[in-house]
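In what follows, a single structure is set out as structure tokens and then discussed.
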Amino acid sequence: MAATVLDRPWTGESFAPPTPTDIATVEAAIVARLRAQIASVEVAHFPDRPEAYRLTSRVGAALVRYEGGEYGPLIDTAAIVQERTLKFAVIVMVRDLGWGLGSIADGPTPGAYAILEAARLALTGYSIPGFTRIYPLRENFVGRDRQGGVWTYRIVFALRGVAVEAAPAMNYPLLVQATALDRGGLTNVSRGAALFTFNAANQIQLPNINVTQAVVTDPAGTNTYAAGVDYILDPANGLITATTTGAIAAGATVSISYTYAEAVIALSSGGAAPTAPTN
């Protein structure tokens, strides 16, 4: 059989799990749990080439392998949401069953039965984020290597989670700036009448934003202009715009008194804290 030829050299690749509940992440958590709880045997992932694996531990090994999964019926009608059950096997390979000549327990090292029980106790009830607690399903004898004298057993565990369809990437614009306004009047501050002049765009930018009340008069305070008729107030931005049909002449100077409340501006550029406008 001819060797497979790649169109370019393969330099290896790191797998980035799409979610914290992918198979590789769960298996790694199971391996870590067994290593922390069972120190008497080698604990590892099941090898890519099991026929080439050699038991080097004096006692034995516990090898973790993904056995497969099952998916339940659809839970949602608007999206693909299903219960997902993952199954993992712990393959226990031990040189000794734990019985001396078929009689009483023997030797200073644990046998296959002891390692099976240790694996069961280590994983039963163990919780991985995003899943139910792990529970055992079954265990069975796999075989014995007569040449190497290795007994092999398997104990299978399961845990349940949820499988959800991947959401499409939303091409929304990133948040650049957000403004939080006090709407309850708890931080209201009143500013006395002061003179302001409309610019070329017939607008006045007040020194504060989140303006809750405004009174606009002529400089002498004799005539009061009507909001919505003579001018438009943008309270969030503290901007007053003279209407073209109102009584305020272009470029006029007016007297304005107003009340404003606290506002906080958060910027995407970051910083230790949001930036508050100058009072």
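Values in this text are rule-based calculations from the coordinates and carry no lab data. Everything numeric here is computed off the predicted structure, so don't read it as measured data. For neighbour counting, all protein chains shown are included, and Cβ atoms are generated from backbone atoms with ideal geometry for every residue, glycine included.
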> Charges only on Cβ, +1 for Lys and Arg, -1 for Asp and Glu: so what's the dipole of the chain about the Cα centre, in debye to the nearest 20?
Replying inline: 1060
> Taking K and R as +1 and D and E as -1, what net charge do the other residues with C-beta under 14 Å from the C-beta of Ile248 add up to?
Replying inline: -2
> Which is farthest toward the positive dipole end of the chain among Tyr113, Asn199, Gly238, measuring Cα position about the Cα centre, with Cβ charges +1 (Lys, Arg) and -1 (Asp, Glu)?
Replying inline: Tyr113
> If each of Ala166 and Ile75 carries a label point 7 Å out from its Cα toward its Cβ, how far apart are those two points in nm?
Replying inline: 2.1
> Dividing the alpha-carbon Rg of the chain by 2.2 N^0.38 Å yields what?
Replying inline: 1.95
> Using a simple charge model, +1 on the beta-carbon of Lys and Arg, -1 on the beta-carbon of Asp and Glu, nothing else, what dipole does segment 150-270 show about its Cα centre, in debye to the nearest 20?
Replying inline: 580
> Could you give the angle, 0 to 90 degrees to the nearest 10, between helix 112-123's Cα long axis and the longest principal axis of the Cα atoms of the chain?
Replying inline: 10
> For His45 and Ala250 in one chain, what is 0.36 nm times their gap in residues minus the Cα-Cα distance, to one decimal in nm?
Replying inline: 65.8 nm
> What full-extension length gain, to one decimal in nm, is calculated for Leu239 and Ala178 as 0.36 nm per residue of separation minus the Cα-Cα distance?
Replying inline: 20.2 nm
>> In Å, what Kirkwood hydrodynamic radius results for segment 152-279 from the alpha-carbon pair distances?
In response: 18.3
> How far is helix 23-37 tilted, in degrees, relative to the longest principal axis of the Cα atoms in the chain, given as a value from 0 to 90 rounded to the nearest 10?
Replying inline: 60
> How much FRET efficiency would the formula 1/(1 + (r/R0)^6) give for Arg120 and Gln147, where r is the Cβ-Cβ distance and R0 is 30 Å, rounded to 0.05?
Replying inline: 0.55
> Over the chain, what is the mean sequence separation of C-alpha contacts under 8 Å (at least six apart), divided by residue count, expressed as relative contact order in percent?
Replying inline: 14
> Rounded to a whole number, what is D in µm²/s for segment 23-164 from Stokes-Einstein with the Kirkwood radius over alpha-carbon pairs (4 °C, 1.567 mPa s)?
Replying inline: 80
> Restricting the count to DSSP beta bridges whose residues both fall in segment 35-150, what percent are antiparallel, rounded to a multiple of 5?
Replying inline: 80
> In deg cm²/dmol and to the nearest 500, what is the mean residue ellipticity at 222 nm of the chain if only DSSP H runs of at least 4 residues count, each as -39500 (n - 2.57), divided by the residue total?
Replying inline: -3000 deg cm²/dmol
> For Arg154, what charge total do you get from the other residues with a beta carbon under 10 Å from its beta carbon, if Lys and Arg give +1 and Asp and Glu give -1?
Replying inline: 0
> Given a cut-off of under 8 Å on Cα pairs at least six residues apart, what relative contact order in percent is computed for segment 63-212?
Replying inline: 22
>> Just want the answer: with Cβ charges of +1 for Lys and Arg and -1 for Asp and Glu, which residue in Tyr258, Ala214, Ala62 is farthest toward the dipole's positive end in the chain?
In response: Ala62
